[in-house]
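The values are calculated or read from the model by the stated rules, or taken from the named source; none is laboratory data. Just so we're clear, the structure is a prediction, and the values are computed from it rather than from any experiment. With ideal geometry, Cβ positions are generated from the backbone for all residues, glycine too; neighbour counts draw on all protein chains shown. Please note that ligands, DNA and RNA were not included when accessible areas were found on the heavy atoms of the full protein model with its side chains. Shrake-Rupley method; radii C 1.70, N 1.55, O 1.52, S 1.80 Å.
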Amino acid sequence: MDEINVKKLRSFAVRIRMGTLEAIHSLGSGHLGGSLSIADVLAVLYGREMKVDPKNPGWPERDKLVCSKGHAGPAVYSTLANLGFIPYEELKTLNRPGTRLPSHCDRNKTPGVDMTTGSLGQGTSLAAGMALGDRLRGYSSRTFLIVGDGESNEGQVWEAFSFAAAKKLSNLVVLLDWNKRQLDGYTDDVLPMGDYVAKFNAFGFDTVKVDGNNVEELAKALERTRQGGDKPYAIILDTVKGAGIPEVAETVMNHSYTVDDDRFRRYMAGLEAQLQELEG
Amino acid sequence: MMKIEYTGAMDPRLCKAVLGETIPKLAEADPDVIYLDADLMNCIGTAKWAAAHPDRAINCGIAEANMVGVACGLASAGFKPIVHTFGPFASRRCYDQLFLSGGYARNSITVIGTDPGVTATMNGGTHMPFEDVALYRAIPGSTVIDATDPNMLESVLRQCVDRPGVKYIRVGRKQYATVYAPGSETPIGKAVTLREGSDAVIFAAGIMVHEAMQAAQALEAEGISAAVVDLFTIKPLDAEAVVSWAQKTGAVVVAENHNRNGGLYDAVTQVLSEECPVPCRCVAVEDEFGEVGPQGYLQKRFGLTAEHIAQQTCAVLERKK
């Protein structure tokens, strides 16, 4: 196993949260909860696992990310801005007229965004097609697919998972963001989806569950997926919707969240304190 | 080369045989062409070739939304997917996927929807799309084709492979009357004048082209000179040809195997209302659902016949006076 630089990954995750907050504050509100829950997995993906080139975002043999829960765009944009795919200042153009950073991910607008998503469920099949395409081209590239737990209410998700297993797409890694909440409240109240590990195993995936807000656990689980084989991988991310900013995490209805100047100052101060502790 | 060869006789080649031969041919000529189906390979004769070429033909099972998404994912990697299933499942069953994963995300795919409208015959109302053209027309940048005969089908399918956007070809699997000679090229977006005429023009697509030709012959016997124009490309419509024929004749009939809402009649009258308002009449399904039966019965049931076209031509000529 490669050495895991936990501090570096945790710092990156904090920086992703900071950029996300910047973007959403610039507009006053946005999809904050579900962006924060995936900040740690984005940090490990882009900070350690994925081969990408900010100078050549369209490089065909890169690893690809499909953020099928497209409303988490702000977290993806912050990740890309931190890596230099786009200027950091551009984060403040989120959802402004003519922006390259729309609410939902758009591969034709943002350098580094590999697929357009937003209508929930559709990213799953797109990712399966991308992974299949890479395999047919003979690339060693992998496709990482972030799916929301609420999103998995959509039937297309399970069509895509059946397909991925049938075609033995071991270059596809599904990261299910089990943050237990969706727009109308707790997923168990809206539409309970049962045991994800059992479900994915039954669908033919190599499945593990990790603390999805713990970069070390994420790094280990992702490293395991490098080994190939004949099954697609699923990692169930046990996360907190709003993770990293306690006041947001404690608000049940945090899918869309207002970030006024006061909240922005307080939340940013909290994140800066986290960064200070990590980086000294 | 394009040669019109209409005699009213049925073409010896079935359209499903054309699909069964042409899809493998296109895949063999271009390594980026990839074919996806939703458990209907045996319906168009591709199953045997597909089994021998598992990297070029992907059976997605009965999961059309996923099939379209996978095709779009492949398109994003530079592949040129050709997707097939029956018309209703190739349109309304996976419409959000066609619209967003395809059109909006700029992933170019070719979709073949077999057995449109009354050509769904014994599969009945559940399988009988009278709305597929309307749905595809509403996708920005799309191409929508109602194939006229097996020879045209081969030509348009070949052209679609490298054409950007979401492309939809609707075609019945069974016999069509020959309209074009084998090997004819029918450029997408160009109307074809099949018959000259001066009193009225009949714009038709798909199986209705044959009916329109029969109608024009019958009208000629009554001293009415009706032109017949094949508008197989419903989008982008050949507006120039539509306006020019409307100006020349001053009376228009549109014939289509589709609901009158959202199909060829809407496309034609949209152009004419702005550019050349003339009396128009429509031969189409009058906002009804499909039902089961042989094609001949269904054409009569829904008024998709040469007789009805002739009647509507006489009606529009009354208005013209």
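If amide hydrogens are placed 1.01 Å from N in the peptide plane, which non-local residues have theirs closer than 5 Å to the one on residue B:57?
B:35
Just going by the charge dipole of the range B:86-166, with Lys and Arg at +1 and Asp and Glu at -1 on Cβ, which of B:145, B:100, B:127 is farthest out on the positive end?
B:100
Determine the share of the range B:224-321's accessible area contributed by carbon and sulfur atoms, expressed in whole percent, with a 1.4 angstrom probe.
50 percent
Which percent, to the nearest 5, of DSSP beta bridges fully inside the protein assembly as shown are antiparallel?
Expressed as a percentage, antiparallel bridges in the protein assembly as shown total about 15.
What is the calculated FRET efficiency for residue A:184 to residue A:8, with r their C-beta to C-beta distance and R₀ = 41 Å, to the nearest 0.05?
Efficiency, rounded to the nearest 0.05: 0.65.
Summing +1 for each Lys or Arg and -1 for each Asp or Glu, what net charge is found among the other residues whose Cβ lies under 9 Å from the Cβ of residue B:59?
-2
Considering only protein heavy atoms, what is the solvent-accessible area of residue B:106 at a probe of 1.4 Å, reported in Å² to the nearest 10?
Approximately 150 Å² for this residue.
Using only the alpha-carbon atoms, how far is helix B:64-76 inclined from the longest principal axis of chain B? Give it as 0 to 90 degrees, nearest 10.
Value to nearest ten degrees: 80.
Divide by every residue of chain A the summed helix terms, -39500 (n - 2.57) for each DSSP H run of at least 4, and state the resulting mean residue ellipticity at 222 nm, rounded to the nearest 500 deg cm²/dmol.
Result for chain A, helices only: -12000 deg cm²/dmol.
At 1.4 Å probe size, with every protein chain present, just tell me what the per residue accessible area of the protein assembly as shown comes to in Å².
37 Å²
Less than 14 Å apart at the alpha-carbon level, and either on another chain or at least 8 residues along: which aspartates and glutamates does that give for residue A:109?
Residue A:109 reaches A:90.
When a/c reaches 1.5 or more, the comparison of a/b and b/c decides; with that in mind, is the range B:119-172 rounded, prolate or oblate per its Cα gyration tensor?
oblate
Taking the alpha-carbon set of the range A:41-83, what are its Rg and Dmax in Å?
10.2, 26
With the calculation restricted to Cα positions, what are the radius of gyration and Dmax of the range A:31-117 in angstrom?
Looking at the range A:31-117, its Cα Rg and Dmax stand at 11.8, 34 Å.
Could you derive backbone 3J(HN,Hα) for the range B:231-244 from the dihedral phi with the Karplus parameters 6.51, -1.76 and 1.60 (θ = phi - 60°), listing whole Hz in sequence and x where the residue is Gly or Pro?
With the stated coefficients, the range B:231-244 comes to 9, 4, 8, 6, 8, x, 6, 7, 4, 4, 5, 4, 5, 4 Hz.
Computed over the Cα atoms, what is the radius of gyration of the protein assembly as shown divided by 2.2 N^0.38 Å, N being its residue count?
Normalised by 2.2 N^0.38 Å, the Cα Rg of the protein assembly as shown equals 1.10.
So if I average 1/r over every pair of distinct C-alpha atoms in the range B:15-171 and take the inverse, what Kirkwood radius in Å does that give?
15.0 Å
Can you pick out the pairs among A:8/A:51; A:199/B:80; B:25/B:80 whose Cα atoms lie more than 24 Å from each other?
Table pairs above 24 Å Cα-Cα are A:199/B:80.
For residue B:283, what residues show an amide H to amide H distance below 5 Å, using hydrogens built from the backbone and excluding near sequence neighbours?
Under 5 Å from the amide H of residue B:283 lie the amide H atoms of B:254, B:255, B:256, each far enough along the sequence or on another chain.
Measuring from centroid to centroid over Cα atoms, what is the spacing of the range A:22-38 and the range A:82-107 in Å?
13 Å
Mind running the shape call on chain B? Use the C-alpha gyration tensor, a ≥ b ≥ c as the square roots of the eigenvalues: rounded below 1.5 for a/c, prolate if a/b tops b/c, oblate otherwise.
Prolate, because a/c is 1.5 or more and a/b exceeds b/c.
Report the local net charge at residue B:321: Lys and Arg +1, Asp and Glu -1, summed over other residues whose C-beta lies under 15 Å from its C-beta.
For residues surrounding residue B:321, the net value is +1.
Pop out the carbon and sulfur fraction of the accessible area of chain A as a percent, whole number, probe 1.4 Å.
Here it works out to 49 percent.
Round to a whole number: what % of the accessible area of the range B:15-171 belongs to carbon and sulfur, probe 1.4 Å?
55 percent
Kindly state, to the nearest 0.05, the FRET efficiency for residue B:55 paired with residue A:250, given R0 = 45 Å and r defined as their beta-carbon distance.
0.30
Over all directions, how big on average is the projection of the convex hull of the alpha-carbon atoms in the range B:197-299, in square nanometres?
The number I arrive at for the range B:197-299 is 6.5 nm².
Grab the other residues whose beta carbon is less than 14 angstrom from that of residue A:126, score K and R as +1, D and E as -1, and report the net.
Overall, the nearby charge balance is -3.
Between chains A and B, what is the buried accessible area in Å², counting both sides, with a 1.4 Å probe and ligands, DNA and RNA left out, to the nearest 100?
1900 Å²
Compute the Kirkwood hydrodynamic radius of chain A, taking the inverse of the mean of 1/r over all pairs of distinct Cα atoms, and give it in Å to one decimal.
So the Kirkwood estimate lands at 18.5 Å.
For the range A:114-186, I need the span (max minus min coordinate) of the C-alpha atoms along each principal axis, in Å, sorted largest to smallest.
Extents along the principal axes, in whole Å: 43, 23, 18.
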